[in-house]
Amino acid sequence: MAEHDLSAPAAAPAEEPILCPLCAKPEFLCVCDSVEPVANRVSLLILQHPQEQDRLLGTARLALRALKDAQLKIGLSWPSLSKILGRDADPAQWAVLHLGAAHVKDFPPDRELVALDKKGLPLPDQDKALAGLKGVVIFDGSWAQAKTLWWRNPWVLKARRLALNPKRASLYGNLRREPRREALSTIEAAGLTLSRLERRPEIETALGKSFAAMLAKYRAALASGAVVEQAPARKGRPPRRPAKKSAAPTA
């Protein structure tokens, strides 16, 4: 059995980066000083899957910082919308941005935000379907995680269903691989949705500006070697799933 020098000092643990208390990003990625929160009329509620708490490229907390009326909840299921918000709320007066099997080819070509029926088809009177909404729920996570949140929260079935049909691809570019062309970051989805509902393009512009600033800092960090880009999953093989864990507690 080898002997160990117990008098030798232990190796110093790697220093954890200092995180911004608002956006939870490392200091070199934080853009909070340049963010001017937008006063949105339609409330935003982000439900984040517990395994999606991405420190670097996630945008849920940045969306929270960029909007005056927004909430973020982390968990898997909640008994009702009212329970989440802490006030009386009717899901029928809210909409959920659903990532299910929508028929994109049937979407109106002139609309980037589409109201759907329960079969995933566009409703005939889009203006009526989108009118009077008090809030929007967005799932933050992978496609599989979003579906988990959908099925574990039956109250979302009472809400109106929305889908995105963006004209432009996500600003993520090659930083993230998405399974569908219409996939956007959470902050982009929030900006597009709220700007179309409120008919205020400045909402999308403001949130997009904050997202672009964060990505510019990330790419600069890659170029300087401050961060190392993760290797993409091998083509034709899905990323390895983490070991099964017990269900996370609800938020």
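Hey, can you rank 155-166, 123-134 by average C-beta count inside 10 Å, highest first? Could you put the intermediate results ahead of the total?
Working: 155-166: 19.2, 123-134: 13.4.
Final packing ranking: 155-166, 123-134.
Could you tally the net charge around Ala221, taking each other residue with its Cβ under 14 Å from the Cβ of Ala221, Lys/Arg +1 and Asp/Glu -1?
Numbers: positive: Lys25, Arg55, Lys217, Arg219; negative: Glu27, Glu229.
Around Ala221, the charge tally is +2.
Going highest first, how would you order 58-69, 36-47 by mean Cβ packing within 10 Å?
On the way: 58-69: 22.7, 36-47: 18.6.
Packing proxy ranking, top to bottom: 58-69, 36-47.
Given the peptides 107-117, 139-149, 82-92, arrange them by the average over their residues of other C-beta atoms within 10 Å, most packed first. Before the final figure, lay out each step's value.
Details: 107-117: 16.2, 139-149: 19.3, 82-92: 13.5.
Ranked from most to least packed, the peptides come out as 139-149, 107-117, 82-92.
Step through the table entries Lys73/Lys128; Lys68/Lys134; Lys167/Lys209, compare each Cα-Cα distance with 26 Å, and write down the pairs that go over it. Each step should come with its number before you reach the end.
On the way: Lys73/Lys128 29 Å; Lys68/Lys134 14 Å; Lys167/Lys209 17 Å.
Those over the limit are Lys73/Lys128.
Express the carbon and sulfur contribution to the solvent-accessible surface of region 54-125 as a percent, rounded to the nearest whole number, probe 1.4 angstrom.
Numbers: 1800 of 3600 Å².
Answer for region 54-125: carbon and sulfur cover 50 percent of the accessible area.
With unit charges on the beta carbons (Lys and Arg positive, Asp and Glu negative) and the dipole taken about the Cα centre of region 105-151, which residue among Leu113, Phe139, Leu123 sits farthest to the positive side?
Checked the options; the winner is Phe139.
Note down, for region 8-162, the three equivalent ellipsoid semi-axes (square root of 5 times each alpha carbon gyration tensor eigenvalue), biggest first, whole angstrom. Can you show the working numbers first?
On the way: eigenvalues 227, 62, 53 Å².
Equivalent-ellipsoid dimensions as semi-axes: 34, 18, 16 Å.
Taking square-rooted eigenvalues a ≥ b ≥ c of the alpha carbon gyration tensor, is region 116-226 rounded, prolate or oblate, where a/c under 1.5 means rounded and, failing that, a/b exceeding b/c means prolate?
prolate
The values are calculated or read from the model by the stated rules, or taken from the named source; none is laboratory data. This one's a predicted model, so the numbers in the text were calculated from it and none came from an experiment. For neighbour counting, all protein chains shown are included, and Cβ atoms are generated from backbone atoms with ideal geometry for every residue, glycine included. Accessible surface is based on the protein model in full, side chains and every heavy atom, while ligands, DNA and RNA are left aside. Shrake-Rupley method; radii C 1.70, N 1.55, O 1.52, S 1.80 Å.
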